[in-house]
Amino acid sequence: MDSMKLLRSIPLFESLAEEDLRALSLTLERRTFKAGVMIFAQGDSGSAMYIVDSGDVNIHLPGEASRRISLKDIARGEYFGELALFDEKPRSASALATTDAVLFELQRSTLAHYLERRPAAAMAILRTLSERLRETNTMLSARAAKNVDEEFDKNLSWSDRLADSVAALNGSWMFILFLIVLTAGWCVVNTLAMLKSPIDPYPFELFNLVLAVLIALQGPLIVMSQNRQSLKDRARADTDFKVNLKNELNIETLLRELSEFRAEIKQNGQ
């Protein structure tokens, strides 16, 4: 993927004109990193953002191997380190190339020169950054744990509830016994001369037609219920990730504060 297409795929720059995008893409510097190489570490001075052309990058909070907190895995077409374009503060996390990676680097000075000539483009960039900051604040400040089943049940339509009921009924012994009793009763009524003119004489074509229609209707309803169950499982996994991430961040904060508290006690004791 060329640098211009990569820029176009990034929300920060998707609203730029074709000519502006081409001019900005020419300023990108191509960088290569071997697997296991640290692109930058938390606390480093940052002056550039990176766009992944190939390979994978892991964004994490540093620590020992067992205590490293993984924040996000960055793949082809994604970007990271964009905050360094707008301030001179140290990096807030570390970036590690987990595979051989090719990145495009955009320097702060290059973007600043571009925005001086195109100030209208700054609004789109600021809008995207604001959205990402709001998402992060929501994740860290809001209650991460939630009952996924309750959230789904609140938004179920009558057709969704019907599909779930059909799927639950089809997977029960009650339905199996009902079909056995119905089939036996139907055969008995229509073969043992209990009726002068049977509704469905042997070979029970009407009954076979009813069963075929029943099966044809059951299939889509069961698939609908299974698809919704897959969405539930995905939502549960996302909730578990947010809970684990928030817990790890809180534990990391407690450990850091405890370390500072011990250092202060030790200093006062001397």
Check: Looking at the stretch 74-114, which of its residues are more than 22 Å from residue 53 (Cα to Cα) and among the polar types (S, T, N, Q)?
Finding: 92
Notebook entry, point to check: Does residue 99 fit the bill of being over 25 Å from the mean Cα position of the chain (by Cα) and of a type in the set (Ser, Thr, Tyr)?
Noted result: no
Margin query: If I filter the stretch 23-41 down to residues being loosely packed, with under 15 Cβ neighbours inside 10 Å and in a loop (DSSP other than H, G, I, E, B), which single residue comes out as modelled with the lowest pLDDT?
Written below: 26
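Tell me whether the stretch 187-203 contains one or more residues that are in a helix (DSSP H, G or I), closer than 30 Å to residue 160 by Cβ and assigned by TED's automatic domain parsing to the domain that holds residue 164. Before you say what the answer is, go through the steps one by one.
Filtering the stretch 187-203 down to residues in a helix (DSSP H, G or I) leaves 187-191.
So of that shortlist, the ones also closer than 30 Å to residue 160 by Cβ come out as none.
No, the stretch 187-203 contains no residue that is in a helix (DSSP H, G or I), closer than 30 Å to residue 160 by Cβ and assigned by TED's automatic domain parsing to the domain that holds residue 164.
The values are calculated or read from the model by the stated rules, or taken from the named source; none is laboratory data. Please read all numbers here as calculations on a predicted model, not as lab measurements. When we count neighbours, we look across all protein chains shown, and the Cβ atoms used for this are built from the backbone with ideal geometry, even at glycine.
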